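Quick notes on the structure that follows.
Laboratory data are not the source of any read-out in this text; all were calculated from the coordinates shown. Here the structure is a predicted model, which means the values were calculated and not measured. Cβ atoms come from the backbone with ideal geometry, glycine included; neighbour counts cover every protein chain shown.
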Amino acid sequence: MFHLNVRHFIPLQPSSSLMENFDPKMFWIIWFLCSVLLCECSPVPDPDSPMFGEVQSPQYPQPYPPNLQQQWELRVPEGFQIRLTFTHLDIEAAAGCYYDSLTVLHKEKLLGKFCGTENSADGHHPGNHPILSPGNTLMLIFQTDDDNPERHQNLGFSAQYQAIDVDECSAPEPLDGSGPLCSQICLNTLGSYLCACHHGYELRSDQRTCVLSCGGGIFDEPEGHLFSPGYPMIPPHAVSCQYIISVEPGFTVSLNFSDNFHIESVDTEDGLICLHHWLLVTIPDREPIKLCGGLSPGLMETNSSTVKLDYHTDDKGQSRGWSLDYRTQRVQCPVPGRVANGRVTPVLTEYFYRDYLHVRCDQGYKLMMEGEEIQSFFTMCVSSGRWHLSLPECHIIDCGEPEPLLNGAVTVLSGFQNQYRSVVQYHCNQPFYSPLGGVNVTFRCDADRQWRSTHDVISSPTCLPVCGQPTKLISGYQRIIGGSNAPHKTIPWQVMLSVGSGRGGGMVIADRWILTAAHVLVANGATVPPEDVRIYMGHNDVKTLKDTPVNASSLYIHPGYKNPDLLNYNNDIALMKLDQPITFDSSVMPLCLPAEGATYDTGVMGLVSGFGITINRGREVLTNRLKYVQLPVVDQETCSSSLSSIRRTRSDVPNLTENMFCAGVPEGSKDSCQGDSGSAFTLRENGRFYAAGIVSWGIECGKRGTYGVYTRVSNYLPWINNTIQNN
């Protein structure tokens, strides 16, 4: 290792090896780099002094004229020589080049006088040998006489010249005793040279000779080599040197002294004393260590990024000095602890400065730091030998409260506080609601914090109303006309309607839908406003019933119902939508709709209910209690024949259509009546009641030989479903 001190001299000649293919543009680039990188300046080469050129005799390549004397002064930048190469020379030959000649001079020093041709016997021809000037100038003189018998044959000359760098460092020492150019190290450069000194020496003001010094400065490379001035020789005078090794924080320095260690010491009874010579090693926050003697300290771990070495001798000492290699290594951080329910990566036996740690939680757990959830975590080993962040914790995730189930509830089957892998089960409020798919659905809290169904088909729990299954059944059917009161909760779909001053009936078929007869909601050929309709349900007593009215938001009359003269009850069906949904219980439950293709077999018994007119002691009165009666379905032809018989004496008998059916007994006394319109005629199948018909019209009430007429609901299933779905 050497300490470089430089001087940039005036440019001299480049060596011939460098200038074989000289590029002037490259010369300027190299000159610029040398000037900037070495932080020294030299005169810029004169732009008027070219680095190369060409010289030719007058009229070349035509023969030259007589009586001619012409000269050329060639000049290149200082620090270079001129190399002159003839490409052609044809001058009249003569002994001593007496008549015509080309003379080459350097500062009045003759370098050559030329004439003749390459193969001529007379004259002096340069051949293929170039001429190299001692300096940076050349003088060329071309002269001819007035008698040239071969003037039409001698062409003159053509020559190329270029600047050649001078290798100052290889020049012999001058004979005047002034010594070499550089006392220690000479470095040839393009057009100049540099003087440098070995480590422990510095360049004097003459920029040529070196003097002992050890101002080593700061060493900040990750590794290096240091030694005392003159090592392993004894320096010629006293030494007081300081070396500072200062590397990037996060690295520690180790010093490894070579075995050849010698610093003068004094032996005493108490051991060696570093009295006049010593090497003082100073490490921050530690007591300095003073070294001397002939035993090498060997390897010294400093555990610091900065070390200062102070070397001191007097001018009488015999210390040969010391040398060492220093290296650096990264600061070590402690091995991190474990994170419960998480993973710390990477897993290493040792961790050093700038190493990173990542923490990931196990599935179903989340990263938490200082009470806050974080999305990701990493920490770095910093220069102090600590992790810049302490490790987080992994807390089990929770999915929050399960979504409430309308008309149902949720039960925890396993787990705690809705945490990961907790399992809950939804169940419906039975017997009034049943789960979609017929099974209670279980949900599990997944790692994505969502409740996921464990059922392959059902993705969300839904409770469907149970229809046509009252919690109590009527033990014996009675008639409406003169019949008995219906026990509470036996006909929970029954609705009483108050429209203006009239009364009608209806049936609940969904949580916001009531099915009734169209003529109940039509007055004077127009649909009554929804606000004029009052709806009552949930009780069998009219007085109690009227305490809790329900409002309709919209009414839907079948578009085919046209009955201006009250003689056409075809399509006598309507729907009412409630402004609020109903929660079903034992008092209010929906009635099922018939299945597609439902049959109305003659003689099958159905149940009719309502709050209409009944007979009390021979008088028709409007009942205050819900009544019911069991009636058989009547053959369509029988019903039609009875109506035909009545038409013989009356003209106000409506027509019987395929959208209607009849029910009743021929002897009369069992029938629905005014006020029952819109109520249900129900049949029971597989334990469920369904709306087979709607009380529509009849000839008087309970008269012998007449039957009640009902709207055939099964014919209107598409209209009912479409109306509900679209509204």
Original post:
To two decimal places, what compactness ratio does segment 318-360 give when its Cα radius of gyration is scaled by 2.2 N^0.38 Å?
Top reply: 2.08
Original post:
Under unit Cβ charges (Lys, Arg +1; Asp, Glu -1), what dipole magnitude, rounded to 20 debye, does segment 357-411 have relative to its Cα centre?
Top reply: 360
**OP:** Place the peptides 371-380, 318-327 in order of packing, highest mean first, counting for every residue the other Cβ atoms within 10 Å and averaging per peptide.
**Re:** 318-327, 371-380
Subject >> Average projection area in nm² (convex hull over Cα atoms of segment 332-396, one quarter of hull surface) >> reply: 4.2
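Under 8 Å for C-alpha pairs, at least 6 residues apart: give me the relative contact order for the chain, rounded to a whole percent.
It rounds to 8 percent for the chain.
Given 0.36 nm per residue, what is the gain on full extension from F416 to D511 after removing their alpha carbon distance, in nm? Each step should come with its number before you reach the end.
On the way: separation 95, 0.36 × 95 = 34.20 nm, distance 3.53 nm.
Fully extending the segment from F416 to D511 adds 30.7 nm.
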Original post:
Of the listed peptides 158-164, 298-304, what is their order by residue-averaged count of other C-beta atoms within 10 Å, with the highest listed first?
Top reply: 158-164, 298-304
**OP:** Towards the positive end of the charge dipole of segment 246-368, with charges on Cβ (+1 Lys, Arg; -1 Asp, Glu), say which of H276, S319, L299 has the farthest Cα.
**Re:** L299
Original post:
Between I509, S677, F86, whose Cα lies farthest towards the positive end of the dipole of the chain when Lys and Arg beta carbons carry +1 and Asp and Glu beta carbons carry -1, centred on the Cα centre?
Top reply: S677
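Quick check on packing: order 409-420, 645-656 by the mean number of other C-beta atoms within 10 Å, highest mean leading. Present the calculation step by step, with values, prior to reporting the outcome.
Numbers: 409-420: 14.0, 645-656: 12.5.
Top of the packing list down: 409-420, 645-656.
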Subject >> Read-out Cα extents along the principal axes in Å, derived from the coordinates shown; its label in (i) 109, 75, 52; (ii) 128, 63, 54; (iii) 174, 103, 37 >> reply: (iii)
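Over segment 494-578, what is the mean sequence separation of C-alpha contacts under 8 Å (at least six apart), divided by residue count, expressed as relative contact order in percent? Please list the in-between numbers first.
On the way: 158 pairs, mean separation 27.0, N = 85.
Once divided by the residue count of segment 494-578, the mean separation gives 32 percent.
Report relative contact order for segment 408-465 in percent, whole number only (criteria: Cα-Cα under 8 Å, sequence separation at least 6).
Numbers: 107 pairs, mean separation 17.6, N = 58.
Relative contact order for segment 408-465 comes out at 30 percent.
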Subject >> Set of lysines with alpha-carbon distance to K472 below 26 Å, sequence-local pairs under 8 removed >> reply: K489, K543, K546, K627, K670
Original post:
Regarding segment 217-328, what whole-number volume in Å³ per residue does the convex hull of its Cα atoms give?
Top reply: 95
Original post:
What ³J(HN,Hα) values, in whole Hz, does the Karplus curve 6.51 cos²θ - 1.76 cosθ + 1.60 give for segment 268-278 when θ = phi - 60°, with x put for Gly and Pro?
Top reply: 10, 4, 8, x, 6, 10, 8, 7, 10, 10, 6
Subject >> J(HN,Hα) series, segment 138-145, from Karplus relation 6.51 cos²θ - 1.76 cosθ + 1.60, nearest Hz, glycine and proline x >> reply: 9, 10, 10, 10, 10, 9, 9, 9
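Quick check for me: using +1 on Lys/Arg Cβ and -1 on Asp/Glu Cβ, what's the dipole size of the chain about its Cα centre, in debye to the nearest 20?
The dipole magnitude comes to about 7620 debye.
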Original post:
With a sphere of radius 14 Å drawn around the Cβ of N260, what net charge do the other residues whose Cβ falls strictly inside it have (Lys, Arg +1; Asp, Glu -1)?
Top reply: -1
Subject >> Distribution of pairwise C-alpha distances over segment 52-166, 10 Å bins, in % >> reply: 15, 48, 29, 7, 0
Original post:
What's the center-to-center distance, using Cα atoms, between segment 179-241 and segment 302-373 in Å?
Top reply: 36
Original post:
For the pair K472 and E403, what calculated FRET efficiency results from E = 1/(1 + (r/R0)^6), where r is the Cβ-Cβ distance and R0 = 35 Å, to the nearest 0.05?
Top reply: 0.55
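What does the charge add up to near D446, with Lys and Arg as +1, Asp and Glu as -1, over the other residues with Cβ less than 9 Å from its Cβ?
Working: positive: R421, R444, R449, R452; negative: D448.
Computed value for this residue: +3.
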Subject >> Phi-based couplings in Hz for segment 432-446 (Karplus 6.51, -1.76, 1.60; Gly and Pro marked x) >> reply: 8, 9, 10, x, 4, x, x, 10, 6, 8, 9, 10, 10, 6, 8
Original post:
When the convex hull of the C-alpha atoms of segment 494-578 is computed, what volume per residue in Å³ does it have?
Top reply: 92
Original post:
Lys/Arg Cβ at +1, Asp/Glu Cβ at -1, dipole of the chain taken about the Cα centre: which of I557, T657, L212 is farthest positive-ward?
Top reply: T657
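At 4 °C and 1.567 mPa s, what whole-number value in µm²/s does Stokes-Einstein give for the translational diffusion of segment 563-609, with Rh from the Kirkwood sum over Cα pairs? Numbers along the way, then the final one.
On the way: Rh = 15.1 Å.
Using the Kirkwood radius from Cα pairs, D works out to 86 µm²/s.
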Original post:
If you add up the charges near L578, with Lys and Arg at +1 and Asp and Glu at -1, over every other residue whose beta carbon is less than 9 angstrom from its beta carbon, what do you get?
Top reply: 0
Subject >> Rough spin-label spacing in nm, given labels placed 7 Å along Cα→Cβ, for L111 and A340 >> reply: 9.4
